[in-house]
Number of protein chains: 2
Amino acid sequence: MKPKVTIEDIARLAGVSKATVSRVLNERSNVKAETRERVLRIMQEQGFVPSLAAAGLAGGRSRLVGVLAPPLTQPTVPEILRGVAEAIEHTDYEIVLYSTNAGQSPTTIVNRILALGLTSCLLVIQPGPLTPRLLQLASQGLPVVVIDDQGPSPELPSVGIDNCVSAYQATLHLIRLGYRRIAHLQGPAEFRCAQERYQGYRQALDDAGLPFDPALVFNGTFETSSGRTCAAALAALPPAARPEALFIANDQMAFGFLSAAEALGLRIPQDLAVVGFDDIPLSAHVRPTLTTIKQPFYEMGRNAVELLLSLLHGQSLQPTTGAEGGYQPPIRIQLPTRLVIRESCGALTLHRRQEQEHSLSDE
Amino acid sequence: MKPKVTIEDIARLAGVSKATVSRVLNERSNVKAETRERVLRIMQEQGFVPSLAAAGLAGGRSRLVGVLAPPLTQPTVPEILRGVAEAIEHTDYEIVLYSTNAGQSPTTIVNRILALGLTSCLLVIQPGPLTPRLLQLASQGLPVVVIDDQGPSPELPSVGIDNCVSAYQATLHLIRLGYRRIAHLQGPAEFRCAQERYQGYRQALDDAGLPFDPALVFNGTFETSSGRTCAAALAALPPAARPEALFIANDQMAFGFLSAAEALGLRIPQDLAVVGFDDIPLSAHVRPTLTTIKQPFYEMGRNAVELLLSLLHGQSLQPTTGAEGGYQPPIRIQLPTRLVIRESCGALTLHRRQEQEHSLSDE
DNA sequence: GCATAATATGAAACCGCTTTCATGTCAAGA
DNA sequence: TCTTGACATGAAAGCGGTTTCATATTATGC
């Protein structure tokens, strides 16, 4: 193996001390321009690249960001990570990936991560509530940014969307299409986003003056199976009691719903209109294609990295509690979502019908 | 922030030297059982976890494996990474993820990775040929394992499948279904796997005594658009000249083909049977669902990690060129694939028809 | 022209761990 | 009883950087 070029070699070749080379590396201002040039040139010639490990050790801060992610096969994750990777690339940081393969204690993982002393900050992609251990570490000063979901109250800096408003839009879309009895398949209560989506749904109903019927709210787990269960429940209903439309809290459940509905002879959107939430890749390919709220996953990844690094560089976006000691809620970056209209909501069908009627009356 | 517990603290508390603690950490044999117990207990009490960074620096080898991956949104990648992550989890190694967001020079990336001196080994998930730089480093002793594809000749230890046999099976499946004129949409020539799949296709034709018609082989890029182009080309053919079936070298292109075919009024599988290759998540959801060769991505990830670590631990699976200096090809782990029969090949339709005919003749 | 401050640089300590080498201990063999 | 090793442990030298503190050099003000 090639003997690695070290800072010492550079120093010798440039006729300066290690300290000076280090200064050049870290872009300190107090180095004579001439010296800097020379050192830089030699580094170039020698193909020198400083050891992150050594720098981290010595400097007490590393240039690795730990990324805590759920299993990568969860459909929203790759796109987020792509954003993260892209953002990281433009920096001199690297990613240490801790992908939790279902069923390990998150606390264990968090411990493992930090204790290593490799990473000095953490990016958490975690649906559902955060572990106490993580909160504890964060309160001890560890820079942490959470993507998307959080526990009951936002406790850490985060990047996400406005679930309530988005759900409102999804529901409103159904209302505008003329549906009156609109059901909701919600996510598990411990997910903040599930609650917010439910609220958005309720609000849209209220604002439209539509009655809220608790019997039309179904509980789900965010998993495909919940969609199937829900479909079965709806199919079992006497046709008269059946809702005209359904807002499902995530696409994953929507898939389960669509496939079960097909098997049960429930036609989407003719018998029942469906709107999902997430817009994961599959959503454009299921039959019928799924009308859904598009989450900007890629952008979320990018923004999370930027936020994390800015926290790290101590530009404390987080105005440190002033003299008055007032509580400052953690910073949150909220990205816009978009309603993607496809087949499952019936908008396209309605349009066509309207156009037909229109052209008929025209003639 | 909590002042990190160091090996020195443990040593003091246990009344031994740092060296001894280090020995315990590294499970060296020459430590009295009693001492080991005591040290371990103290480490436990103090919640001590050694710094990977320091260990790596001092020991000259790190416990980080660099994973070089294409953009995570490429559909085969997440599943591979899941396998990688799962395998890593059972070790005391961690993953440093270098995800290349399209369009950067791979050499640059490789340099960046290694120079950092963070990772002492590399897992490369890269479709297409390897960069010379990577080969050079590998020949200098850097442990590298490649997942799946390689350049014209296998130069590095790798984990993959037998593309030739798999393609043979895919084609044979079509032949057995009774198709005679079978076309092939192949991948780009610089991909070893593309060549091998083509060979498998040819071989199956030959063995079945079917004539090979060069006009039925189309060139693709492995991207969706190629599928569309191919569909257009086929649709333009006079019906008599049209093939009865098509083996497409990857699912991605197959999707393009299916969607374009639908638009062009080409019915799959009635007018043309299709078999793909990969079995990525979407394949079960497109219409018609895609019959395809399933690659064991998850297992590939796992196996790659295991192979890499065994190389690293110097158990040199790779019998070092003996005295006779004979050339030893790099080790390769080849995993089995499986033909997943869905709608696009027409097997289900045929079955049904046969059953119908059968029941008719029965009566 | 000289004191003073600002700037540039070097020497050495240190980050937390591994590893070599030397030392100390104790049991087996002579 | 005295070697001779095998075994257990400690002291200290790194690994490749960063950082503090001291020193040398140059610029500034009077």
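The values are calculated or read from the model by the stated rules, or taken from the named source; none is laboratory data. None of the values given here were measured: they were computed from a predicted structure. Using ideal geometry, Cβ is built from the backbone for each residue, glycine included, and neighbour counts are taken over all protein chains shown. Only protein heavy atoms, including side chains, enter the accessible area calculation; ligands, DNA and RNA are left aside. Shrake-Rupley method; radii C 1.70, N 1.55, O 1.52, S 1.80 Å.
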Carbon/sulfur accessible area of chain A, % of total, 1.4 Å probe, equals 52 percent
Dividing the mean separation of Cα pairs under 8 Å (6+ apart) by the residue count of region B:7-50 yields a relative contact order in percent of 42 percent
For B:Ser120, other-chain or 5+-apart residues with amide H closer than 5 Å (H placed, Pro excluded) are B:Ser62, B:Leu64, B:Gly66
Checking rank on B:31-44, A:41-54, A:273-286, with mean other Cβ inside 10 Å and highest first, the result is A:273-286, A:41-54, B:31-44
Relative to chain B, whose Cα atoms define the longest principal axis, helix B:297-312 and its Cα axis are tilted in degrees, nearest 10, by 40 degrees
For chain B, the longest principal axis of the Cα atoms and the Cα long axis of helix B:192-207 enclose an angle in degrees, to the nearest 10, of 40 degrees
Magnitude of the Cβ-charge dipole (Lys and Arg +1, Asp and Glu -1) of region A:1-104 about the Cα centre, nearest 20 debye, reported as 480 debye
When all Cα-Cα pair distances of the protein assembly as shown are considered, the percent exceeding 41 Å is 42 percent
Dividing the mean separation of Cα pairs under 8 Å (6+ apart) by the residue count of region A:172-228 yields a relative contact order in percent of 42 percent
Taking Cα pairs closer than 8 Å and at least 6 residues apart, the relative contact order of chain B in percent is 16 percent
Lys and Arg at +1, Asp and Glu at -1: neighbours of B:Pro288 with Cβ under 11 Å from its Cβ sum to +2
Here, GluC sites (Glu not before Pro) of region A:217-297 satisfying both criteria (DSSP loop; at most 10 other Cβ within 10 Å) are none
Checked against the positive end of the charge dipole of the protein assembly as shown (+1 on Cβ of Lys and Arg, -1 on Cβ of Asp and Glu, about the Cα centre), the farthest of A:Pro127, B:Ile161, B:Val21 is B:Val21
Placing each pseudo-label 7 Å from Cα in the direction of the beta carbon, A:Val49 and B:His90 end up separated by a distance in nanometres of 3.2 nm
Expressed as a whole number, the average count of other chain Cβ atoms within 10 Å around the Cβ atoms of B:68-78 is 4
Net charge near A:Ala14 (other residues with Cβ under 14 Å of its Cβ; Lys, Arg +1; Asp, Glu -1) is +2
By the mean-Cβ-within-10 Å protection proxy, highest first, B:204-211, A:228-235, B:141-148 rank as B:141-148, A:228-235, B:204-211
GNM on chain B, Cα springs under 10 Å; top mean-square fluctuation among B:Leu122, B:Leu335, B:Leu307 goes to B:Leu335
For region B:139-237, the per residue accessible area (1.4 Å probe, Å²) is 40 Å²
Taking a crude spin-label model, label points 7 Å out from Cα along the C-beta direction, the A:Asn26 to A:Gln270 distance in nm is 7.2 nm
When chain A is treated as a Gaussian network with springs between alpha carbons less than 10 Å apart, the largest mean-square fluctuation among A:Gln252, A:Gln203, A:Gln270 is found at A:Gln270
So, in nm and shortest first, the distances from B:Ala263 to its counterparts in the other copies, with label points 7 Å along Cα→Cβ, work out as 3.3
About its Cα centre, chain A carries a charge dipole, from +1 on Lys and Arg Cβ atoms and -1 on Asp and Glu Cβ atoms, whose size in debye to the nearest 20 is 1120 debye
In debye to the nearest 20, the charge dipole size for the protein assembly as shown, taken about the Cα centre with +1 at each Lys and Arg Cβ and -1 at each Asp and Glu Cβ, equals 2020 debye
Partner shielding of A:83-90, taken as the mean number of other chain Cβ atoms within 10 Å, equals 4
Among A:Thr6, A:Leu72, A:Gln44, the residue whose Cα sits farthest towards the positive end of the charge dipole of region A:1-83 (+1 at Cβ of Lys and Arg, -1 at Cβ of Asp and Glu, taken about the Cα centre) is A:Thr6
With Cα springs under 10 Å, the Gaussian network model of chain A assigns the largest mean-square fluctuation among A:Ser344, A:Ser99, A:Ser158 to A:Ser99
Hydrodynamic radius by Kirkwood for region B:7-50, inverse mean 1/r across distinct Cα pairs, in Å, is 9.9 Å
Averaged over the residues of A:137-148, the number of partner chain Cβ atoms within 10 Å of each residue's own Cβ comes to 1
